[in-house]
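For reference, the structure discussed in these notes is given below.
The values are calculated or read from the model by the stated rules, or taken from the named source; none is laboratory data. Bear in mind the structure is a predicted one, so any value in this text is a computation, not a measurement. Please note: Cβ atoms are built from the backbone with ideal geometry, for glycine as well, and neighbour counts cover all protein chains shown.
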Amino acid sequence: MQVDLRQPWRIGPVEVPTRVVLAPMAGVSVQAFRRQGRRFGAGLVCSEMVSCAGIEHRNERTLGYLRVAADEHPLAIQIFGSEPQVMAEAARMVEAAGADLVDINFGCPVRKVTKTGAGATALEHPARAERIVGAVAEAVSVPVSVKMRRGLEDRSRAALELGPRLVEAGAQTLTLHPRSARQMYTGTADHSLTAELVSLVDVPVIASGDITSHARAQAVLATTRAAAVMVGRAAQGNPWALREILDSGPDDPSPEEVVAELVLFVRETVRELGERRATGFLKKFYGWYLGRGRFPKAFKQELLALPTLSEVEDRLFAEVPGARFVLQRLEAEQPIVDEVLLDDMPISIFGGG
Ligand SMILES: Cc1cc2nc3c(=O)[nH]c(=O)nc-3n(C[C@H](O)[C@H](O)[C@H](O)COP(=O)(O)O)c2cc1C
């Protein structure tokens, strides 16, 4: 059975134009990543996880994660925390910021998060997890989604017990990354669990984990009957993977396209995070964009050694002069982005990083 990945589907009132969802990734899913993902065909994009405590305390950096650009809808903003009322209040802010969905993180395996009772820990505390989802669903009028791992321990089936209860509590879609928290990113995602979850709930399920090709996406959708696949690591510095997964053909970019997309990404990230934060943040992206056999390894090392981003840009253009023209076209096509107002607090997307 072939699934049409460009077929729209719905999460409550939200229409999602394709069956490929861009994964939330901490330290990766900045606005530039999400806007690029939408341009390359992701039907839904997601912010990285945002601390509800940070929102509660109006932490400036946390509030920066709530910036929404006009061209990234539909967008989910993901929150994490362990207190239902604090999560509900954070969800109200997320809705006010313009998110189309509030996503709740019940999957993060990192100890800094789990030891506070947030992330994957919720999988072992079903009553609290239900209260969180109930409080958030009550607080906002946009749909609420939940992203889970399979459980804390290998072979855990916690997500299957919890999933239907979370739907009962108000979740309108569930995303399952069927690895345990203990597994982190080792082993493989066991999508037979995703298939079980689909059979247990009457809301759309998104399958996350190891979706790296059109064939894999087709196989997972066909065998699980999930509504959509989520793509994470395969899309890091590689938006072409999204088009390849959607349309099946290999989508090898030219060096000009790679460099133009990277420079656009650098410029947008500087605007979002400010030059200083962006400089460190962007380092991992050089390897992601220029690797995969696209450029020699030494070229990445050269970029990493350059002290400023304008020198990085100059070096990239010196290597691939034609990229300037591709970039000009990309920038001309980018719509102007909006400024978002939160509780009378201007959060300019042009700075404040
Ligand atoms: C660097 C990184 C950061 C991540 N951060 C988040 C996060 O903030 N919230 C979340 O729900 N999942 C997060 N994930 C998990 C991904 O969303 C996804 O479920 C997982 O990577 C499996 O998909 P993949 O095989 O396509 O990468 C993260 C994964 C990676 C690699």
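Cβ-Cβ contacts under 7 Å between residues 6 or more apart (or on different chains), taken from a first residue in segment 91-115 that is more than 16 Å from Ala137 (Cβ to Cβ) to a second residue that is in a strand (DSSP E or B) and more than 13 Å from the ligand (Cβ to nearest atom), are listed as Ala96/Leu342; Ala97/Val340; Ala97/Leu342; Gly98/Val340. Selection of segment 194-225 for residues being away from the ligand (no atom under 13 Å from the Cβ), in contact with a helix residue (DSSP H, G or I) (Cβ under 7 Å, 6 or more places away or on another chain) and either part of a helix (DSSP H, G or I) or of a type outside the set (D, E, K, R) (or both) yields Ala195, Glu196, Leu197, Val198, Leu200, Val201, Val203, Val205, His214, Thr223, Thr224. Only one of the listed residues (Glu83, Glu56, Glu60, Glu48) is touching a helix residue (DSSP H, G or I) at 6+ places or on another chain (Cβ under 7 Å) and among the charged types (D, E, K, R). That residue is Glu56.
Out of everything in segment 226-243 that is touching a residue at least 60 places away in the same chain (Cβ under 8 Å) and assigned to a loop (DSSP other than H, G, I, E, B), what residue ends up being nearest to the ligand (Cβ to nearest atom)? The selected residue is Gly232.
If you go through segment 193-211, how many residues are under 19 Å from Gln236 (Cβ atoms) and out of contact with any strand residue (DSSP E or B) (no Cβ under 8 Å at 6 or more places or on another chain)?
First pass over segment 193-211, keeping only residues under 19 Å from Gln236 (Cβ atoms): 206-211.
Of the ones still in play, those that are also out of contact with any strand residue (DSSP E or B) (no Cβ under 8 Å at 6 or more places or on another chain) are 210.
Number of matching residues: 1.
For segment 175-192, which positions are within 11 Å of the ligand (Cβ to nearest atom) and among the charged types (D, E, K, R)? Once the filter is applied, which keeps residues that are within 11 Å of the ligand (Cβ to nearest atom) and among the charged types (D, E, K, R), segment 175-192 yields only Arg179.
Only a single item in (1) over 25 Å from Tyr65 (Cα atoms); (2) under 18 Å from the mean Cα position of the chain (by Cα); (3) in a loop (DSSP other than H, G, I, E, B) is not met by Pro178, and it is number (3).
Within the set Ala171, Ala181, the sole residue that is touching a residue at least 24 places away in the same chain (Cβ under 8 Å), in contact with a helix residue (DSSP H, G or I) (Cβ under 9 Å, 6 or more places away or on another chain) and more than 22 Å from Pro13 (Cβ to Cβ) turns out to be Ala181. The number of residues in segment 126-169 that are buried (at least 23 other Cβ atoms within 10 Å of the Cβ) and over 22 Å from Met230 (Cα atoms) comes to 3. Among the residues making up segment 314-353, those that are at pLDDT below 95, more than 20 Å from Asp71 (Cα to Cα) and surrounded by 12 or more Cβ atoms within 10 Å (Cβ to Cβ) are Gly352, Gly353.
Every residue, every condition in (1) hydrophobic (A, V, I, L, M, F, W, C); (2) under 24 Å from Gly43 (Cα atoms); (3) touching a His at 6+ places or on another chain (Cβ under 8 Å); (4) crowded, with 19+ Cβ neighbours inside 10 Å, yes or no:
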{"residue": "Leu197", "(1), (2), (3), (4)": "yes, yes, no, yes"}
{"residue": "Gly237", "(1), (2), (3), (4)": "no, yes, no, yes"}
{"residue": "Val258", "(1), (2), (3), (4)": "yes, yes, no, yes"}
{"residue": "Leu273", "(1), (2), (3), (4)": "yes, no, no, yes"}
{"residue": "Ala278", "(1), (2), (3), (4)": "yes, no, no, yes"}
{"residue": "Lys283", "(1), (2), (3), (4)": "no, no, no, no"}
{"residue": "Trp288", "(1), (2), (3), (4)": "yes, yes, no, no"}
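For segment 244-264, residues that are away from the ligand (no atom under 16 Å from the Cβ) and assigned to a helix (DSSP H, G or I) total 11.
Inclusion of Ile11 among residues that are in contact (Cβ under 8 Å) with a residue 12 or more places away in the chain, on the phi < 0 side of the Ramachandran plot and within 15 Å of the ligand (Cβ to nearest atom) is not warranted.
Against the list (1) hydrophobic (A, V, I, L, M, F, W, C); (2) closer than 25 Å to Trp288 by Cβ; (3) under 17 Å from the mean Cα position of the chain (by Cα), the condition Ala215 fails is (3). When Ala99, Ala42, Ala91 are checked against the criterion of being in contact with a strand residue (DSSP E or B) (Cβ under 8 Å, 6 or more places away or on another chain), buried (at least 22 other Cβ atoms within 10 Å of the Cβ), small (Gly, Ala, Ser) and within 25 Å of His214 (Cα to Cα), Ala42 stands alone in meeting it.
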